[in-house]
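To keep things clear, I will list the structure first and then write my remarks on it.
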């Protein structure tokens, strides 16, 4: 099976965000694929909603055999295992979260469905913290 190079962005602002990120990285290694590169962990203010909880964010470059749809199912399963019961798709609003894992790029593939858009335009062009973290993966 072919390997696909994928970038993910992870964020957490509940409990111990840094430990949540580390736990999510372990799940990604065990359930999705090899982690090739990791950005720094960046603390950021919330974007697009109001909360007093700051985020820890990280970008990762992975290799996986999964299709975009299977990858999305896998990251949603990791989020659920870690205690995230509602995502933005179902609530239609941003909320505090134990973990959030976004698929940002999937090689050169462009993909769109009601639940997944690749590339993730907000992270690539609208969010400064995302652009900074993602740039570290290409250094």
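From the list 16, 53, the lone residue that is surrounded by fewer than 14 Cβ atoms within 10 Å (Cβ to Cβ), more than 19 Å from residue 128 (Cα to Cα) and out of contact with any strand residue (DSSP E or B) (no Cβ under 7 Å at 6 or more places or on another chain) is 16.
Residues are listed down the side, and each one gets a yes or a no for (1) modelled with pLDDT of 85 or more; (2) farther than 20 Å from residue 58 by Cβ:
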| residue | (1), (2) |
| --- | --- |
| 91 | no, yes |
| 105 | yes, no |
| 108 | yes, yes |
| 125 | no, no |
| 131 | yes, no |
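A single entry from 69, 103, 75 fulfils the requirement of being at negative phi and assigned to a strand (DSSP E or B): 103.
Give segment 9-25 a look and list any residue that's over 12 Å from the mean Cα position of the chain (by Cα) and in a helix (DSSP H, G or I), or say none.
17, 18, 19, 20, 22, 23
For segment 26-62, residues that are over 17 Å from residue 5 (Cβ atoms) and outside any strand (DSSP E or B) total 16.
No other residue among 27, 4 is surrounded by fewer than 20 Cβ atoms within 10 Å (Cβ to Cβ) and either in contact with a strand residue (DSSP E or B) (Cβ under 7 Å, 6 or more places away or on another chain) or within 20 Å of residue 107 (Cα to Cα) (or both) apart from 4.
The values are calculated or read from the model by the stated rules, or taken from the named source; none is laboratory data. Source: prediction; values computed, not measured. Don't worry about glycine lacking a Cβ; one is built from the backbone with ideal geometry, like all the others, and counts go over all protein chains shown.
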